[in-house]
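Before any comments, here is the structure.
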Amino acid sequence: MVPLSWYLALSAVLFTIGVVGVLIQRNAIVLFMCIELMLNAVNLTLVAFSRFLGDVTGQLFVFMVMTVAAAEAAVGLAIIISLFRNRETLNVDEADLLKL
Amino acid sequence: MQSLFNSLDLQFVLGSLIKIAIFWIFIMLVVAYMVYAERRVLAVIQNRLGPNRVGWQGLLQPFADLIKFIFKEDLVPLAVNKALYMMAPVIVLVPAMMVLIVYPFGPEVPLPFGGVLSQLINDLTARVGLNWNVDLRTINLYITNFNVGLLYVFAMTSLGVYGIVIGGWASNSKYSLLGGLRSSAQMISYELAMSLSVVAVLIQIGTLDLNEIARGQGDWFGLRWNIFGGPTLAMLPSALIAFVIYLISAIAETNRVPFDLPEAETELVAGFHTEYSSLKFALFFMAEYVNMTTVSVLATTLFLGGWQGPFVEQFPWLGIVYFLAKVFFFLFLYIWLRGTLPRFRYDQLMNFGWKILLPVALFNIVLASVLGVLFL
Amino acid sequence: MEIVHILFLAFAALAVVAAFNVILQRNPIYSAIGLIVVLCSLAVLFLTLYAPFIAAMQVIVYAGAIMVLFVFVIMLLNIREEESKTDRQKYLKFLAAPLFLALLGMIAAVVKTVGNPAPRGTDQLGSVQTLAEGMFTKYVLPFEATSVLILMAIVGSMLLARREKAEDVERIEQALAASQEGAEATEKEEVAA
């Protein structure tokens with residue numbers, strides 16, 4: 001059996017990569033993907049704890065995270081499309097006015 | 001390390017690899033002869049002869065085709081995105097082939113010379129200092145017993161979309177792009193109806209393991225299939241509706257006539273694989289036929305009893321015969337439809353999928369649940 | 001060393017490499033492919049945790065539906081490599097070293113406190129039956145709440161995507177009305193002439 005700490009370490013690495021991605025990338029779509037990466041790192045932790053604590057709640061929580069991610073992707077991408085139509089760019093630094 | 005080489009896991013992995021190799025070759029042969037059969041049957045439907053020159057009745061035609069594919073010039077257009085262009089056919093074919101491991105080909109069967117063979121393996125491994133205890137007197141005619149096998153199939157088929165989208169985009173040609181977008185939109189829309197139609201059957205049987213599903217249809221002399229309602233005849237209406245929805249959406253899912261919009265020759269040249277040639281084109285081609293086999297296998301297992309049939313309990317090897325006969329029936333259906341039906345228009349296709357098939361599938365789940373609560 | 005350790009190491013390495021691919025590529029399509037690889041290798045890791053249903057859902061929902069949306073949008077907008085015009089990144093690179101140290105500290109702390117407990121769950125923990133029982137009894141309210149969330153997302157994205165079209169229709173109608181007026185005007189002029 002793979003020890004719990006291996007999963008947690010991997011999860012920490014993936015989460016950090018996601019955070020670094022949010023900091024260094026300026027493309028709105030890639031920012032979204034970095035957020036998905038972080039969510040997935042958390043999912044790994046949840047499933048690992050669910051296995052090692054013998055409680056199904058962790059796995060059920062992953063479902064909720066997936067639904068939220070799906071909803072977020074649908075709305076977020078719709079926003080990105082309308083942003084691109086108006087601005088011709090996806091650079092988040094250029095979308096700094098509070099209107100389209 | 002010694003424990004690793006002695007572990008049951010390793011023996012399982014090695015055994016599975018051998019099985020995968022055998023089944024893989026078998027499926028490749030099925031695919032090759034499916035193409036041949038398609039050309040011959042279409043020829044009969046259209047009052048022609050079809051390929052009948054290579055070998056007796058043209059039976060060696062698939063190999064001639066393969067050699068031709070290999071020796072064709074491998075054209076890579078200048079404007080393509082090279083890395084993605086190379087990757088796309090692989091992304092299409094690999095998930096399609098990965099589904100193979102959950103195909104339930106048949107029941108547990110006695111292997112001829114199995115005892116001698118296992119003795120031989122045990123002796124040989126003992127000679128290099130290992131302690132194996134292999135038993136091959138009976139083997140399972142499936143590669144693995146996956147308790148969410150059906151979901152695994154859906155997961156893998158949903159990955160195939162990427163190859164098509166990426167191939168269409170990387171080719172940098174308008175026909176490819178349009179074909180790729182059409183194809184993926186179509187696959188995503190019809191995948192919904194397909195997965196939802198299956199739920200009605202799942203309510204009858206209560207498991208996602210394809211082998212369990214096949215095993216559970218053995219009553220009535222091997223004819224208690226799920227299409228007749230499975231455990232109770234009262235479920236017959238929901239099972240029939242599910243079967244029809246599944247059949248239609250399976251054809252759309254594999255981009256075949258009458259839903260072959262992605263490669264509508266008159267509008268899009270050849271769709272997403274317009275710019276592909278030689279072996280890369282062959283990979284796309286193979287993936288399409290493997291996918292057809294997969295949906296046929298699923299239809300057989302879910303609705304028509306898998307390998308069940310009369311006398312399977314006495315002669316287990318009959319199981320694989322029944323199984324293949326049913327799968328080939330569905331494959332023949334594909335060819336038959338191709339020879340008979342015209343193509344839909346794109347808006348008709350989308351309207352049909354979203355406004356008719358999907359609501360009917362949802363309604364069918366309600367119907368199946370009500371019937372299940374009342375009669376199961 | 002068992003087979004499952006080898007599996008874990010192989011797919012963990014794959015996930016990390018692909019995750020770096022997500023954040024370091026300039027072309028969003030390569031980032032998306034990197035993320036798909038991460039998702040699929042995480043699905044394999046879920047299998048090693050005896051969570052087959054979650055693993056299948058990970059591939060079907062995440063890799064098969066959400067990421068298709070991303071790829072679709074990238075292709076629809078035809079975004080190629082984009083040079084960043086503002087250069088905020090030069091300050092951010094000083095964050096890299098502290099972040100890396102924080103990560104190392106986090107991992108060390110985790111490994112030290114967690115140790116190596118035996119798994120308490122049975123192999124049946126991740127089965128469909130167990131999950132369904134949990135979902136439709138104890139957690140039925142959150143489950144229903146997510147359906148409302150999804151509905152809101154559908155309506156919201158429809159609204160965002162359709163807005164442009166309504167404007168188009170208005171503009172076309174105005175243009176048509178204008179041209180009709182113009183035509184009527186010319187007709188009147190002709191009649192007058």
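The values are calculated or read from the model by the stated rules, or taken from the named source; none is laboratory data. Quick caveat, the model's predicted, so the values are computed rather than measured. Note: ideal-geometry Cβ built from the backbone for every residue, glycine included; neighbour counts use all protein chains shown. Protein only, heavy atoms only, side chains kept; ligands, DNA and RNA dropped before computing areas. Shrake-Rupley method; radii C 1.70, N 1.55, O 1.52, S 1.80 Å.
Points worth noting:
- Flag: A:L83 matches the condition of being touching a residue at least 12 places away in the same chain (Cβ under 8 Å), over 24 Å from C:A15 (Cα atoms) and more than 7 Å from chain C (Cβ to nearest Cβ).
- Within region C:37-62, tally of residues that are buried (at least 24 other Cβ atoms within 10 Å of the Cβ) and facing another protein chain (nearest Cβ under 7 Å): 10
- Candidate set from region B:312-332 (those that are part of a loop (DSSP other than H, G, I, E, B) and not aromatic (F, W, Y)); member that is farthest from B:A239 (Cα to Cα): B:Q314
- The residues on offer are A:A41, A:A71, and the sole one that is more than 7 Å from chain C (Cβ to nearest Cβ) and open to solvent by less than 20 Å² (accessible area, probe 1.4 Å) is A:A41.
- A search for C-beta distances below 6 Å between a residue of region B:42-56 that is within 23 Å of B:L337 (Cα to Cα) and open to solvent by 100 Å² or more (accessible area, probe 1.4 Å) and any residue that is modelled with pLDDT of 85 or more and in a loop (DSSP other than H, G, I, E, B), counting only pairs 6+ apart in sequence or on different chains, returns nothing.
- Criterion: facing another protein chain (nearest Cβ under 7 Å) and part of a loop (DSSP other than H, G, I, E, B) - qualifying residue of A:V2, A:V30: A:V2
- Test: B:A200 is hydrophobic (A, V, I, L, M, F, W, C), closer than 30 Å to B:I320 by Cβ and open to solvent by less than 20 Å² (accessible area, probe 1.4 Å): yes
- Residues of region B:123-160 that are assigned to a loop (DSSP other than H, G, I, E, B), open to solvent by 20 Å² or more (accessible area, probe 1.4 Å) and within 11 Å of chain C (Cβ to nearest Cβ): B:F146, B:N147.
- Members of region B:161-188 found to be among the small types (G, A, S), open to solvent by less than 10 Å² (accessible area, probe 1.4 Å) and touching a residue at least 60 places away in the same chain (Cβ under 8 Å), listed by number: B:G163, B:G167, B:G168, B:A170, B:S171, B:S176, B:G179, B:G180, B:S183
- Only residues that are open to solvent by 10 Å² or more (accessible area, probe 1.4 Å) and part of a loop (DSSP other than H, G, I, E, B) were counted in region B:272-311, giving 9.
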